[in-house]
Amino acid sequence: MHRKIGVMGGTFDPIHHGHLVAASEVADRFALDEVIFVPTGQPWQKSSRVVSAAEDRYLMTVVATASNPRFSVSRVDVDRHGPTYTADTLADLHAAMPDDQLFFITGADALQQILSWRKVDELFRYAHFVGVTRPGYELGDEHLPDGSVTLVEVPALSISSSDCRERVTSGRPVWYLVPDGVVQYISKRSLYVDPEP
Ligand code: ATP
Ligand code: MG
């Protein structure tokens, strides 16, 4: 069966409504059958800061997406040893569903950096890229291979995981920035209370 599958990679520390709106909007625009959220293992670009345990980030992603019948969560990156490279993510997903067409969804900030990603020559082999607008960043595909990327405007939500973490650390609210279940999960596991756990 040839399905159209969105792939939303991220650290999701924590997942927030900016991620969910981007995925929902691209799913509608491209008539995707499903969007798979893929939390990273240990992200190589963020080795300078402490990232929450992969299992916590995976579970928050499950909690945030559980109510949407077209959203699911993959453990491919969480379960792979070593740092996460998107080229490996896409190769693994392609191997698991070789007949399906993959669309990798990425925000304007990540799209600007794509050429600095590892294994860049393999990146575009298994997926079409969809770059989405994000407040504070310029969306462009000048430096990327012809035809490899489509740019999509999504409702602007000025939310970042960094800001959500800082809010929790300083005792300010994250209600309505992240799904209710994620607010409760953060509290239950005391995530982000101490900035350097
Ligand atoms: P951090 O502040 O820790 O970097 P983040 O909010 O950027 O977190 P990531 O997990 O790094 O979240 O992002 C995963 C993907 O979602 C990236 O492609 C990123 O560009 C995109 N993204 C994140 N927030 C938004 C947003 N508010 N609007 C559109 N895209 C977003
Ligand atoms: Mg980010």
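The values are calculated or read from the model by the stated rules, or taken from the named source; none is laboratory data. All values reported here derive from a predicted model rather than from experimental measurement. No Cβ is skipped: glycine too gets one built from the backbone with ideal geometry, and neighbour counts run over all protein chains shown.
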- Query: Could you say whether any residue in segment 164-176 is of a type in the set (A, V, I, L, M) and within 17 Å of V21 (Cβ to Cβ)?
  - Reply: yes
- Single residue of segment 154-169 satisfying the filter (touching a helix residue (DSSP H, G or I) at 6+ places or on another chain (Cβ under 8 Å) and hydrophobic (A, V, I, L, M, F, W, C)) that is farthest from ligand 1 (Cβ to nearest atom): V168
- Item | Any hit, segment 112-129, residues being among the hydroxyl-bearing types (S, T, Y), surrounded by fewer than 15 Cβ atoms within 10 Å (Cβ to Cβ) and assigned to a helix (DSSP H, G or I) | yes
- Message: buried (at least 20 other Cβ atoms within 10 Å of the Cβ) and either among the polar types (S, T, N, Q) or within 14 Å of ligand 1 (Cβ to nearest atom) (or both): which single residue out of D109, D77 fits that description?
- Response: D77
- Item | Cβ pairs under 7 Å, 6+ apart, first in segment 1-28 and more than 20 Å from V63 (Cα to Cα), second near ligand 1 (Cβ under 6 Å from one of its atoms) and not in a strand (DSSP E or B) | none
- Within segment 62-79, how many residues turn out to be closer than 22 Å to E25 by Cβ and part of a loop (DSSP other than H, G, I, E, B)? 6
- Item | Hits in segment 7-22 (condition: closer than 20 Å to Q113 by Cβ and not in a loop (DSSP other than H, G, I, E, B)) | V7, M8, G9, G10, G18, H19, A22
- From the set of residues in segment 31-61 that are part of a helix (DSSP H, G or I), within 14 Å of ligand 2 (Cβ to nearest atom) and closer than 18 Å to I105 by Cβ, which is modelled with the lowest pLDDT? Q45
- Note on the structure: In the set E142, E138, the lone residue that is within 14 Å of ligand 1 (Cβ to nearest atom), in a loop (DSSP other than H, G, I, E, B), under 29 Å from I114 (Cβ atoms) and out of contact with any Gly (no Cβ under 7 Å at 6 or more places or on another chain) is E138
- Looking only at segment 150-170, which residues are away from ligand 2 (no atom under 13 Å from the Cβ) and within 12 Å of P195 (Cα to Cα)? E166, R167, V168, T169, S170
